[in-house]
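The values are calculated or read from the model by the stated rules, or taken from the named source; none is laboratory data. Predicted model, so just to flag it, every value in this text is computed and none were measured. All Cβ positions, even for glycine, are placed from backbone atoms using ideal geometry, and neighbour counts span all protein chains on display. Only protein heavy atoms, including side chains, enter the accessible area calculation; ligands, DNA and RNA are left aside. Shrake-Rupley method; radii C 1.70, N 1.55, O 1.52, S 1.80 Å.
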Amino acid sequence: MIRKILTFGHLPKHIGGQQQQGLAAVMWATASHIHSCVTGYDVIFCATDVKKPFAKINGIQVIGWTRISMITSILFSPFKFILLFKMLAPLCQKYELPIIRHVFKAYHLQQTIFKRNPDFIHLHTCEAILYIESKIVEPSKTFVTIHGVYGQKEPHNFTIMEASLNRYNVMFIAFVTEKISKIWCDFHGSPA
């Protein structure tokens, strides 16, 4: 039986995304590695920055969106979008994040989960807490990769998100280096 892992994030430009930062490259490299090296799992990449509804890149299904596909989806289920907005607005205020951008990203993730019904969700960075606290993803089916630790550094809202994520009982939190894991545990304690 093949199990599905839905990875949520953005893609580097050389793959077809819009990002040039290292984080996007690591998101793609991790998904590609799981896809090619871990048997029994199918990886689906829910991309926030691919401007077409569907693509296949290096054998991985990539789910993107266009303005038309997003608007059409919202028009077919406006109450779902309004409910999501009502759930996310206070969280975005709590964590000092842009509401509109995160609501659309969250809606894209929610719709992809609904359509693809993955067994597991792979999120990146402490912003994963938004999708966990808004109940878009189930903590017990979610694993999070942490690429760096803010700790006491600015912006302070990321420190608050890290602390909140640390208290949730997700499947597991993976750190890209042992050093990042040590800094996290020294500052926040061991993850739940």
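Take VAL137 and tell me if it is open to solvent by less than 10 Å² (accessible area, probe 1.4 Å), modelled with pLDDT under 95 and of a type in the set (Val, Ile, Thr). Walk me through it before giving the result.
On the way: open to solvent by less than 10 Å² (accessible area, probe 1.4 Å): yes; modelled with pLDDT under 95: no; of a type in the set (Val, Ile, Thr): yes.
For VAL137, the condition - open to solvent by less than 10 Å² (accessible area, probe 1.4 Å), modelled with pLDDT under 95 and of a type in the set (Val, Ile, Thr) - is not met.
Of all residues in the range 1-21 being without any contact (Cβ under 8 Å) to a residue 40 or more places away in the chain and under 18 Å from THR145 (Cβ atoms), which is surrounded by the most Cβ atoms within 10 Å (Cβ to Cβ)? Full working, then the answer.
So the first thing to find is which residues in the range 1-21 are without any contact (Cβ under 8 Å) to a residue 40 or more places away in the chain, and the list is 1, 10, 12-14, 17-21.
With under 18 Å from THR145 (Cβ atoms) added as a condition, the list becomes 10, 12, 17, 19, 21.
Numbers: HIS10: 20, PRO12: 20, GLY17: 24, GLN19: 19, GLN21: 11.
It comes out as GLY17.
Quick one: which residue in TYR131, TYR107, TYR95 is farther than 23 Å from ILE63 by Cβ and either in contact with a His (Cβ under 9 Å, 6 or more places away or on another chain) or not small (Gly, Ala, Ser) (or both)?
Among TYR131, TYR107, TYR95, only TYR95 is farther than 23 Å from ILE63 by Cβ and either in contact with a His (Cβ under 9 Å, 6 or more places away or on another chain) or not small (Gly, Ala, Ser) (or both).
With the checklist (1) over 22 Å from PHE143 (Cβ atoms); (2) at pLDDT below 95; (3) touching a His at 6+ places or on another chain (Cβ under 7 Å) in hand, flag the one item ARG67 doesn't pass.
(3)
Report yes if some residue within the range 116-125 is among the β-branched types (Val, Ile, Thr), closer than 23 Å to LYS4 by Cβ and either in contact with a Pro (Cβ under 6 Å, 6 or more places away or on another chain) or surrounded by fewer than 16 Cβ atoms within 10 Å (Cβ to Cβ) (or both); otherwise report no.
If we filter the range 116-125 for residues that are among the β-branched types (Val, Ile, Thr), which is where we start, we get 121, 125.
Subset that is closer than 23 Å to LYS4 by Cβ: 121, 125.
Still in the list and also either in contact with a Pro (Cβ under 6 Å, 6 or more places away or on another chain) or surrounded by fewer than 16 Cβ atoms within 10 Å (Cβ to Cβ) (or both): none.
No, the range 116-125 contains no residue that is among the β-branched types (Val, Ile, Thr), closer than 23 Å to LYS4 by Cβ and either in contact with a Pro (Cβ under 6 Å, 6 or more places away or on another chain) or surrounded by fewer than 16 Cβ atoms within 10 Å (Cβ to Cβ) (or both).
Just the residues that are open to solvent by 30 Å² or more (accessible area, probe 1.4 Å), over 14 Å from GLN18 (Cβ atoms) and under 18 Å from the mean Cα position of the chain (by Cα), please, taken from the range 55-68.
Answer for the range 55-68, where residues must be open to solvent by 30 Å² or more (accessible area, probe 1.4 Å), over 14 Å from GLN18 (Cβ atoms) and under 18 Å from the mean Cα position of the chain (by Cα): just GLN61.
Which one is nearest to ALA24 (Cα to Cα) among residues in the range 160-176 that are open to solvent by 60 Å² or more (accessible area, probe 1.4 Å) and part of a loop (DSSP other than H, G, I, E, B)?
Selected residue: VAL176.
Where the second residue is among the aliphatic types (A, V, I, L, M) and open to solvent by less than 10 Å² (accessible area, probe 1.4 Å) and the first is closer than 9 Å to CYS126 by Cα and lies in the range 144-165, which pairs have Cβ atoms under 6 Å and are six or more apart or on separate chains?
Pairs that qualify, where the first residue is closer than 9 Å to CYS126 by Cα and the partner is among the aliphatic types (A, V, I, L, M) and open to solvent by less than 10 Å² (accessible area, probe 1.4 Å), are VAL144/LEU123; VAL144/ALA128; MET161/ILE129; SER164/ILE129; LEU165/ILE129.
For the range 118-159, which positions are under 20 Å from ALA31 (Cα atoms), of a type in the set (S, T, N, Q) and in contact with a Leu (Cβ under 9 Å, 6 or more places away or on another chain)?
THR125, THR142, THR145
Could you list, in sequence order, the residues of the range 69-113 that are open to solvent by 50 Å² or more (accessible area, probe 1.4 Å), among the aliphatic types (A, V, I, L, M) and in contact (Cβ under 8 Å) with a residue 40 or more places away in the chain?
Of everything in the range 69-113, just one residue is open to solvent by 50 Å² or more (accessible area, probe 1.4 Å), among the aliphatic types (A, V, I, L, M) and in contact (Cβ under 8 Å) with a residue 40 or more places away in the chain, namely MET87.
Only residues that are of a type in the set (S, T, N, Q), out of contact with any helix residue (DSSP H, G or I) (no Cβ under 8 Å at 6 or more places or on another chain) and either more than 12 Å from LYS4 (Cα to Cα) or open to solvent by less than 70 Å² (accessible area, probe 1.4 Å) (or both): list them for the range 26-53, please.
THR30, SER32, SER36
Select from the range 150-192 the residues that are of a type in the set (A, V, I, L, M, F, W, C) and within 16 Å of the chain's Cα centre (by Cα) and list them in ascending order. Give the derivation first.
Keep residues of the range 150-192 that are of a type in the set (A, V, I, L, M, F, W, C), which gives 158, 160-161, 163, 165, 170-176, 180, 183-185, 187, 192.
The answer is PHE158, MET161, LEU165, VAL170, MET171, PHE172, ILE173, ALA174, PHE175, VAL176.
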